[in-house]
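Structure record follows, encoded as structure tokens.
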Amino acid sequence: MKDWLQRNLKGDPILWAIVLLFSFISIAVVYSATGTLAYKKMNGNTEAFLFKHSSLIFVGLGCMWLAHRIDYRHYSRLSLYALLVSVPLLLFTFFMGGETNGASRWMTIPVINQTFQPSDLAKLALISHLASMLSRRQQHLDDFKTTMLPVMLWVGTICSLIILSNASTALLLFATCMLLMFIGRVPLKHMAVMVGIFVVLGGAGLAAGQRLGTVMSRVTNFTDKTKKTPFQLEHSYIAIATGGIAGKGPGKSTERNILPHPYSDFIYAVIIEEYGLLGGFVILFLYLAFLYRGLKTVMNSYGAFGGLLSAGLSFSLVLQALVNMGVAVGLGPITGLPLPLLSMGGTSLIFTGISIGIILAVSRGEREIRPMTGEPDDTARIPSQRAQYA
């Protein structure tokens, strides 16, 4: 078994273990949290959601395995094509996509009748292409016109299109891009210009989109302590308070019957109610361990592209997890972001699997060299990269 695993599961073994552990936890928690939903929509067939969610998790793990077998340098080229596809998909979804809770974020894939969020593809593509652009221009980062202008245009365009219908995802993606630019040694003055561009384009997109009123009300509810606590947050507090140290036990949550989207947005509250603060700390520890292993991959990377790609994807997943958990315990305004690797989802599980597969591909440690000359290619290493992350 050990030899088989070593042959077929390349890359960081600890990262593999963390992801597999998350998958098993997700199946158990989602099965518990979807009980009421199953009785409402499936005439009490609670196994229907269990089978669907488990199937998507295994598909996501399969995509992760396939992605980790590919030389990660190929993603540098593929990311541009994915971005070019993402732009029309985001526009199509905004104008003609399926609307849920006042936002047009989904489009239905014909034949298989599966919903799909183009923002998931856009996030993965933008982070990968940003890592590619920064790695290729490490020696020319002060050249605003040829280096930074393309970076700013892509980041501003994609984030502005996403913010039309999903403000929290756009803000989180922009924060990830800024972190990636900082790691990629972009001068602070250029980053300040990037913030200004996003404020203008993002503000225009928010005003012209569907979420301005929702964003303002959620921020007001969080900052104005005289207002009544929002319904979903109130019951999230109750779930956490009644969970105690050790929790009520698997499948014994009561707030799952009251909380909106207990299997997605507020699944962390259900986890704490059933498994207690100890379970909540275990989940937090696993995300931090995931981030550590992702950054360990950055330290061991031989080239700038691999390091930046692993850092960007790791930060993207863990930042979203921290925001989701922070909302559940009242540390931030309600966002509607799911908990990656744990929440019930559709194609988002597949794109999460692809993202982790790319991190694992980088952790395999391929050197970025030209096959014929043996010299570093145009994704040359960031100077003193190993020392920088040590």
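The values are calculated or read from the model by the stated rules, or taken from the named source; none is laboratory data. Note that this is a predicted model, so its numbers are computed, not measured. Positions of Cβ are backbone-derived with ideal geometry, glycine not excepted, and every protein chain shown enters the neighbour counts. In case anyone asks, the SASA skips ligands and DNA or RNA and just uses the protein heavy atoms, side chains included. Shrake-Rupley method; radii C 1.70, N 1.55, O 1.52, S 1.80 Å.
For a quick check of understanding: with a 1.4 angstrom probe and all protein chains in place, what accessible area in square angstrom does Asp142 have, to the nearest ten?
Here the accessible area works out near 120 Å².
Between helix 304-328 and the chain, what is the angle of the helix's C-alpha long axis to the longest principal axis, kept within 0 to 90° and rounded to the nearest 10?
For helix 304-328, the angle is close to 20 degrees.
For the pair Phe24 and Leu278, what calculated FRET efficiency results from E = 1/(1 + (r/R0)^6), where r is the Cβ-Cβ distance and R0 = 22 Å, to the nearest 0.05?
Rounded to the nearest 0.05, the efficiency is 0.80.
Once the dipole of the stretch 186-341 is set up with Lys and Arg at +1 and Asp and Glu at -1 on Cβ about the Cα centre, which of Leu259, Gly306, Thr223 lies farthest towards its positive end?
Of the candidates, Gly306 comes out farthest on the positive side.
Note the full-extension length gain between Thr254 and Thr220 as 0.36 nm times their separation in residues minus their Cα-Cα distance, in nm to one decimal.
This chain segment gains 9.4 nm when fully extended.
Add -39500 (n - 2.57) for each DSSP H run of 4 or more in the chain, then divide by its residues: what number comes out at 222 nm, to the nearest 500 deg cm²/dmol? Working shown, then result.
Numbers: 15 runs with 260 residues, N = 390.
Theoretical 222 nm ellipticity from helices: -22500 deg cm²/dmol.
Given the protein chains as shown and a 1.4 Å probe, how many square angstrom of Lys227 are accessible, to the nearest 10?
100 Å²
Among Phe22, Val155, Ala289, flag the residue with its Cα farthest along the positive direction of the charge dipole of the chain, charges on Cβ as +1 for Lys/Arg and -1 for Asp/Glu.
The residue sitting farthest along the positive end of the dipole is Ala289.
At a Förster radius of 30 Å, what calculated FRET efficiency corresponds to the Cβ-Cβ distance of Ala204 and Phe182, to the nearest 0.05?
With R0 = 30 Å, the Cβ-Cβ based efficiency is 0.75.
To the nearest 10 degrees, how steeply does helix 347-363 sit against the main Cα axis of the chain, on a 0 to 90 scale?
40 degrees
Quick one: angle between helix 212-223 and the longest Cα principal axis of the chain, in degrees between 0 and 90, rounded to 10, please.
Computed tilt is about 70 degrees.
So, in the chain, how many Lys pairs have Cα atoms under 21 Å apart, if the pair is 8 or more places apart or on different chains?
Close lysine pairs found across the chain: 7.
For the chain, with every protein chain kept in place, what is the accessible area per residue (1.4 Å probe, Å²)?
Per residue, the chain has 46 Å² of solvent-accessible surface.
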